[in-house]
Number of protein chains: 2
Amino acid sequence: MVATARSAIGVFDSGIGGLTVVRALMERLPFEDIVYFGDTARVPYGVKSNDTIHNFTTQIADFLLDRDVKLLIIACNTMAAVAGDAVRARSPVPVLDVIDAGARAAVEISQRGIGVIGTPTTVNSNAYARNIHALNPALSVYSQACPLLVPLVEEGWLEHEVTKLTLQEYLKPVFVESIDALVLGCTHYPLLKPLIGQVAGAGIRLVDSAVTIAEQTARVLTEMDMHNPQRVAPRYDYVVTDIPLRFQTIGSRFLGRELSHLEQVRW
Amino acid sequence: MVATARSAIGVFDSGIGGLTVVRALMERLPFEDIVYFGDTARVPYGVKSNDTIHNFTTQIADFLLDRDVKLLIIACNTMAAVAGDAVRARSPVPVLDVIDAGARAAVEISQRGIGVIGTPTTVNSNAYARNIHALNPALSVYSQACPLLVPLVEEGWLEHEVTKLTLQEYLKPVFVESIDALVLGCTHYPLLKPLIGQVAGAGIRLVDSAVTIAEQTARVLTEMDMHNPQRVAPRYDYVVTDIPLRFQTIGSRFLGRELSHLEQVRW
């Protein structure tokens with residue numbers, strides 16, 4: 001079988017963070033089917049080696065390509081940073097990723113300098129700086145690894161004093177620099193947008209790659225003439241490698257609605 | 001081959017937390033070889049389903065039993081809580097685990113009531129309360145899941161204001177109860193001992209199962225007449241499923257010395 005305009009969009013992440021991208025896609029493209037893959041048995045990737053991330057990522061991409069998706073979205077910054085090229089090399093359909101999307105959006109709005117926050121692996125990969133400099137070599141990029149933000153989001157402490165203190169601690173060295181844009185370089189971070197906005201202040205615009213990648217997807221589907229012609233309620237499938245305690249609760253928080261059609265594969 | 005007195009002790013954990021147990025063993029039993037297994041590619045277990053934890057745990061136990069260890073130590077509370085019985089059922093050698101050790105130590109020192117802190121999975125398994133009540137049904141047990149403590153330890157914020165605030169928040173409902181002992185029900189927590197002691201105050205004694213299990217191991221080896229008769233420098237092997245960034249740094253922090261003989265298996 002081959003992908004057609006009626007095929008689903010494939011979205012994948014190391015866990016549930018990529019559901020913020022699914023949510024943005026649902027809003028921007030309400031007639032597209034989506035199949036989401038979250039590697040919940042092996043999450044988080046942000047603290048693993050490049051080698052392991054590469055192996056896990058290509059395994060997931062192959063799984064979705066076997067389901068004949070018409071477009072692949074890497075909704076995890078760590079995977080995009082480490083294995084984006086490997087996924088592109090094996091995919092017969094277009095591949096979009098959150099780092100490319102975030103870098104483009106940041107370059108469009110920044111005049112002075114760009115801050116990037118993400119997991120240690122994303123930040124150490126230097127992928128945002130590379131992508132941003134490819135678009136505009138004159139812009140300075142200041143990156144900061146924030147390993148505690150993912151657990152804080154998953155704990156649900158979205159407006160907690162502890163989270164605010166943690167953000168202040170992490171962002172101190174970034175705010176010393178002259179930046180006017182801050183890329184939320186991890187799909188968990190959009191849930192902290194209000195608090196990050198408060199800590200960052202009015203002079204710094206936040207870049208949420210979930211929204212940007214939904215725009216990019218719409219554009220690519222138009223270029224390829226691959227929008228789903230059907231005007232019926234779309235089908236959303238969620239494939240995960242584990243269904244842990246509180247999965248539905250946390251997942252729904254990211255997705256902004258109930259999780260339906262949940263399927264588990266065991267690797 | 002069969003295990004002899006010269007065989008190594010097998011210790012395993014979902015990641016590196018179990019190295020606090022290895023450290024206690026090295027101090028208590030300085031002539032024993034140790035082989036440690038840390039599932040660093042799939043860590044953390046504390047947020048996974050029972051089913052997945054069961055499969056991963058028995059896979060690791062089989063790996064160590066194939067290496068002819070003379071004793072198995074489950075140095076991870078989550079694994080012990082969920083899959084301790086499954087490991088015992090398949091092991092021809094004695095199996096010790098941190099929950100049993102922690103429960104015994106707490107019962108020995110507590111007169112009034114026992115607090116237990118751990119990962120969500122450990123706490124939800126109710127394993128500490130079951131073990132404690134089997135020893136003394138009159139003692140009350142108050143448990144609290146603390147999902148942020150592991151990431152805080154791995155970030156190295158061992159005496160940070162954020163960690164203190166987080167502890168206060170988690171322990172508030174536990175301190176309302178009448179307790180005189182607090183079990184550190186996760187192998188990461190011994191690194192927070194000074195701060196937890198400060199937050200808990202003088203009236204509450206902390207139970208560190210790493211120390212307790214080293215005592216238990218010494219006793220079992222005596223009973224079995226299986227102490228290593230050799231009086232030479234022992235061999236320490238570390239087997240992991242991933243060697244991520246900063247692994248040596250974080251590992252050494254837990255172990256209190258350099259990590260030698262590091263080997264990676266790919267699953």
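The values are calculated or read from the model by the stated rules, or taken from the named source; none is laboratory data. Just so we're clear, the structure is a prediction, and the values are computed from it rather than from any experiment. Neighbour counts run over all protein chains shown; Cβ positions are idealised from the backbone, glycine included.
If you scan the range B:144-192, which residues turn out to be at pLDDT below 95, within 11 Å of another protein chain (Cβ to nearest Cβ) and over 23 Å from B:Ala81 (Cβ atoms)?
The answer is B:Glu155, B:Gly156.
Taking the residues in the range B:153-174 that are part of a helix (DSSP H, G or I) and free of Cβ contacts under 8 Å to residues at least 24 places away in the same chain as candidates, determine which candidate is surrounded by the most Cβ atoms within 10 Å (Cβ to Cβ).
Taking the range B:153-174 first, the residues part of a helix (DSSP H, G or I) are B:153-155, B:161-174.
Applying the additional criterion that residues be free of Cβ contacts under 8 Å to residues at least 24 places away in the same chain yields B:155, B:161-162, B:165-166, B:169, B:172.
Numbers: B:Glu155: 19, B:Glu161: 12, B:Val162: 21, B:Leu165: 16, B:Thr166: 30, B:Glu169: 15, B:Lys172: 11.
Top of the filtered list is B:Thr166.
Do you know which of the residues in the range A:106-143 that are among the small types (Gly, Ala, Ser) and farther than 15 Å from A:Cys186 by Cβ is surrounded by the most Cβ atoms within 10 Å (Cβ to Cβ)? If you could, list the steps in order and put the result at the bottom.
At the first step, the residues of the range A:106-143 found to be among the small types (Gly, Ala, Ser) are A:106, A:110, A:113, A:115, A:118, A:125, A:127, A:129, A:134, A:138, A:140, A:143.
Within this subset, residues satisfying the condition of being farther than 15 Å from A:Cys186 by Cβ are A:110, A:113, A:129, A:134, A:138, A:140.
Values: A:Ser110: 23, A:Gly113: 16, A:Ala129: 18, A:Ala134: 11, A:Ala138: 6, A:Ser140: 15.
Among residues in the range A:106-143 that are among the small types (Gly, Ala, Ser) and farther than 15 Å from A:Cys186 by Cβ, the one surrounded by the most Cβ atoms within 10 Å (Cβ to Cβ) is A:Ser110.
Examine the range A:72-79 for a residue that is at pLDDT 95 or above, part of a helix (DSSP H, G or I), touching a helix residue (DSSP H, G or I) at 6+ places or on another chain (Cβ under 9 Å) and assigned by TED's automatic domain parsing to the domain that holds A:Val22, and state whether such a residue exists.
yes
Any idea which of (1) within 13 Å of chain A (Cβ to nearest Cβ); (2) over 20 Å from B:Pro190 (Cβ atoms) is the one B:Asp237 doesn't satisfy?
Condition (1) is where B:Asp237 drops out.
Would you pick out the residues in the range A:229-257 that are free of Cβ contacts under 8 Å to residues at least 24 places away in the same chain, outside any helix (DSSP H, G or I) and either in contact with a Gly (Cβ under 9 Å, 6 or more places away or on another chain) or among the polar types (S, T, N, Q) (or both)?
Scanning the range A:229-257 gives no hits.
Exactly one of these conditions fails for B:Glu223: (1) out of contact with any helix residue (DSSP H, G or I) (no Cβ under 9 Å at 6 or more places or on another chain); (2) away from chain A (no Cβ under 14 Å); (3) over 25 Å from B:Ala138 (Cα atoms); (4) touching a residue at least 60 places away in the same chain (Cβ under 8 Å). Give me its number.
Status for B:Glu223: all satisfied but (4).
Which condition breaks for B:Ala202 when tested against (1) in contact with a helix residue (DSSP H, G or I) (Cβ under 7 Å, 6 or more places away or on another chain); (2) at pLDDT below 95?
Condition not satisfied by B:Ala202: (1).
Of the conditions (1) more than 14 Å from chain B (Cβ to nearest Cβ); (2) within 30 Å of A:Lys70 (Cα to Cα); (3) polar (S, T, N, Q); (4) out of contact with any Leu (no Cβ under 8 Å at 6 or more places or on another chain), A:Thr122 satisfies every one except a single condition; which number is it?
Only one criterion in (1) more than 14 Å from chain B (Cβ to nearest Cβ); (2) within 30 Å of A:Lys70 (Cα to Cα); (3) polar (S, T, N, Q); (4) out of contact with any Leu (no Cβ under 8 Å at 6 or more places or on another chain) is unmet by A:Thr122, namely (1).
Sort out which residues of the range A:98-126 are modelled with pLDDT of 95 or more and either more than 27 Å from A:Glu177 (Cα to Cα) or of a type in the set (Lys, Arg) (or both), and write them in order of number.
Answer for the range A:98-126, where residues must be modelled with pLDDT of 95 or more and either more than 27 Å from A:Glu177 (Cα to Cα) or of a type in the set (Lys, Arg) (or both): just A:Arg104.
Just give me the residues in the range A:175-195 being free of Cβ contacts under 8 Å to residues at least 40 places away in the same chain and under 24 Å from A:Asp13 (Cβ atoms), in sequence order.
A:Lys193, A:Pro194, A:Leu195 - these are the residues of the range A:175-195 that are free of Cβ contacts under 8 Å to residues at least 40 places away in the same chain and under 24 Å from A:Asp13 (Cβ atoms).
Among the numbered conditions (1) within 18 Å of the chain's Cα centre (by Cα); (2) surrounded by 21 or more Cβ atoms within 10 Å (Cβ to Cβ); (3) not assigned by TED's automatic domain parsing to the domain that holds B:Gln168, tell me where B:Ile196 comes up short.
Condition not satisfied by B:Ile196: (3).
Which of (1) within 28 Å of A:Leu221 (Cα to Cα); (2) of a type in the set (A, V, I, L, M, F, W, C); (3) within 14 Å of chain B (Cβ to nearest Cβ) is the odd one out, the single condition A:Ala41 does not satisfy?
(1)
For the list (1) over 17 Å from the mean Cα position of the chain (by Cα); (2) over 30 Å from B:Pro94 (Cβ atoms); (3) assigned to a helix (DSSP H, G or I), I need the number of the one condition that B:Arg219 fails.
(2)
Any residue at all in the range B:71-91 that's touching a Pro at 6+ places or on another chain (Cβ under 9 Å), surrounded by 24 or more Cβ atoms within 10 Å (Cβ to Cβ) and either within 14 Å of another protein chain (Cβ to nearest Cβ) or free of Cβ contacts under 8 Å to residues at least 24 places away in the same chain (or both)?
yes
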